[in-house]
Amino acid sequence: MTDLKENDIRHQDTACTNESNLNHPWYHHLKYLVTGIIFGIIFVKAEVISWFRIQEMFRLQSFHMYGIIGSAIFVGMISVGIIKKFRIKTIDGESIRIPSKKFSKGQIYGGLIFGFGWAMTGACPGPLFAQIGTGALAVTITLLSAIAGTWVYGYVRDKLPH
């Protein structure tokens, strides 16, 4: 009984294991491929990747995308509440800690840049691969731009307000 309590105390202060630091056989990563394919199919069937639906959203002409995004936010809030209330642990038995986040004006700037890019291209980073998979090859430019933007952010991150 005391060993169990000591083990719980030891795990309370450890951070979650970084999956990328673990060595797994190559086939271990197939779960991510399968999950991505399923996620892409759901995006296509729900018309979440539709340029037309995205433009409707930004022109305030349809509730479709707002309903999907609102549902995701609601499910996320409920899930985080359940994780906090019942102190749910990871699959490896580690504590899940969700730190408080401090507001920064950089969040406003980042959100505006993200929103303008989303409105102009008709794509956000999530469905880019699904759009390309459906034959919208012009989205490859958006994908390359997203990769370049991520690289630039990583390069200048220390100089930005956080």
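Between Ile147, Ile83, Pro25, the Cα set farthest toward the positive side of the dipole of the chain (charges on each charged residue's Cβ, about the Cα centre) is that of Ile83. A simple charge model with +1 on the Cβ of Lys and Arg, -1 on the Cβ of Asp and Glu and nothing else charged puts the dipole of the chain at about 460 debye relative to its Cα centre.
From helices alone, the chain scores -20000 deg cm²/dmol at 222 nm; the rule is -39500 (n - 2.57) for each run of n ≥ 4 DSSP H residues, then divide by the residue total.
Coupling constants for the range 70-82 follow from the phi torsions by the Karplus curve (6.51 cos²θ - 1.76 cosθ + 1.60, θ = phi - 60°), and in residue order they are x, 4, 5, 5, 4, 4, x, 5, 4, 4, 5, x, 5 Hz; glycine and proline get x.
Top mean-square fluctuation among Lys89, Lys45, Lys101, Gaussian network model of the chain, C-alpha springs under 10 Å? Among Lys89, Lys45, Lys101, the largest mean-square fluctuation in the Gaussian network model of the chain belongs to Lys101. Against the chain, whose longest principal axis comes from its Cα atoms, helix 139-156 is set at around 50 degrees.
Note on the chain: GNM, Cα springs under 10 Å; of Tyr27, Tyr66, Tyr109, the largest mean-square fluctuation is that of Tyr27.
With 0.36 nm allotted per residue and the present C-alpha distance subtracted, the Ser79-Ile91 stretch has 2.7 nm of extension available.
Label positions at Tyr155 and Tyr66, each projected 7 Å from the Cα along the C-beta direction, are separated by 3.9 nm.
What the phi angles of the range 90-102 give under the Karplus curve with 6.51, -1.76 and 1.60, with θ = phi - 60°, is a coupling list of 6, 4, 8, x, 8, 5, 9, 10, 10, x, 5, 10, 8 Hz, glycine and proline written as x.
Pairs of Cα atoms under 8 Å, at least six residues apart: use those to get the relative contact order of the chain, whole percent. So the answer I get is 27 percent.
Only the coordinates and a few stated rules stand behind these numbers; no lab work does. Since the model is a prediction, treat every value here as computed from it, not as a measurement. Here Cβ is always computed from backbone atoms with ideal geometry, including for glycine, and neighbour counts include all displayed protein chains.
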